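Derivation of every value follows stated rules applied to the coordinates shown; laboratory data play no part. All values reported here derive from a predicted model rather than from experimental measurement. Heads up, the Cβs are rebuilt from the backbone with ideal geometry, glycines too, and the neighbour counts pull from every protein chain shown.
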Amino acid sequence: MSLLTHAARRVRPVTAALTTATALLIACVVQTSPATAATATAATATAATATAKTASRPAGSEADARADGGTPSSISTLSDKWNRPWAITFLPNGMYALVTERFTSTVHLLGRDGSKKMVGTVPNTVVPDVDPTKGSGGLLGVAPSPTWNGTTDKDVFFVHTAAEGTRIVKMKFDGKTLSGYTVLVGGIKRGADHNGGKIAFGPDGYLYVATGDAQTGSLAQNRNSLNGKILRITKTGAAAPGNPFGNRVYSLGHRNPQGFAWDTRGRLWASEIGEAKWDELNLIKAGANYGWPLCEGTCGTAGMTNPKFVWKPEDGGVPAQVAIVNNVIYVTTLRGQRLWRLPIDGTGQGIGTAKSYYVNTYARLRALTTVPGTNQLLMGTSDRGTDRDFVLKVTIK
Ligand SMILES: [Ca+2]
């Protein structure tokens, strides 16, 4: 605990007002709420298992946890004066990340040393006129081409909400300035909320994009709708070869997924914000149906794939984005205002002991990524106020 307290104290802009006692309280919390939330549903079997493991392992047993992938050991402010950063994605050079701001529509180059430079805006971005803590939309995910070099390959891909709907677009980035604008996929319905937004290249070289149901749940079950899905597309926006239904859809039955990442074995894990009862972490498989709106959390409906972990929204939940270090899944939460550590268990199909960090310390947490070649995460706060958000650096040891 002393190491964490020391680390927290170094984040002066954020924690200056915190007393030492408060810092001690927030530094590290073993979370058992998913288990106390457990009911008779099979959904909670995972949470119950996690609790059992927690009970058999003394709280704060860091050495034990390190043996299976490390734990967050220190945190510091890398960069300040942000406005609701939505996504942080490193360029292939691993030295600089592109960062999107949801409401300003601006894109910034963020260096590992904390240097920050605005490189352009994504045009035609329309922000739904709603309370930002309740709605979603604006400039969302960013994914540079895996072979981006700023010269022969300048392609950078974005997801944003426009007047008529949500778009997947391509722009050019030469290392200094964004230019060009090509719509790759339109026709994704936009809502005041539930707009998904994560975009990333998979290990197979294709683009994966999470879309929300735009507050029309039935779209999530419609294989011909682009809403409530994880899409898999080419760099031109076409359906990727081998997709399960012969169109752009990779998986269906999603409500509002905002984050996903691949583990070392190439398995895709996605977070999903549920309605009122359960938020989810899902192991995504091609063609699988994740249930919404027929199921929220785990259910026994034939043909529906149940989540691997669930949260109650009011109990540390509302998960935003996902990053994986040493096969440990980290998830930021908006309402929960904490970072979750969810180790993939020995079967590779489930989650072990869940634990949360930085509870109510910084603010709502959304953007999350790994720093290439390191055991570090970059994590963005959200909705602290104009120019008051941070990009934080978390070291896993
Ligand atoms: Ca589900």
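Each of Arg335, Arg341, Arg366 was scored by other Cβ atoms within 10 Å of its Cβ. Listed from fewest to most, they are Arg335, Arg341, Arg366.
Rounded to two decimal places and with Rh computed the Kirkwood way over Cα pairs, what is Rg over Rh for the range 212-337? Intermediate results must be reported in sequence, preceding the final value.
Numbers: Rg = 14.0 Å, Rh = 14.6 Å.
We get a ratio of 0.96 for the range 212-337.
For Ile230, the shell of other residues with beta-carbons less than 11 Å away shows a net charge of +4, using +1 for Lys and Arg and -1 for Asp and Glu.
Highest mean packing comes first when the peptides 382-390, 265-273 are listed by Cβ atoms within 10 Å, giving 265-273, 382-390.
What net charge is computed for the residues neighbouring Val99, neighbours being all others with C-beta under 15 Å from the C-beta of Val99, Lys and Arg scored +1, Asp and Glu -1? Let's see the in-between values first.
Values: positive: Lys81, Arg84, Arg102, Arg112, Lys116, Lys117, Lys198, Arg366, Lys393; negative: Asp80, Glu101, Asp113, Asp387, Asp389.
For residues surrounding Val99, the net value is +4.
Once the other residues with Cβ under 11 Å from the Cβ of Gly217 are scored (Lys, Arg +1; Asp, Glu -1), what is the net sum?
Numbers: positive: Arg255; negative: Asp213, Glu275, Glu296.
Overall, the nearby charge balance is -2.
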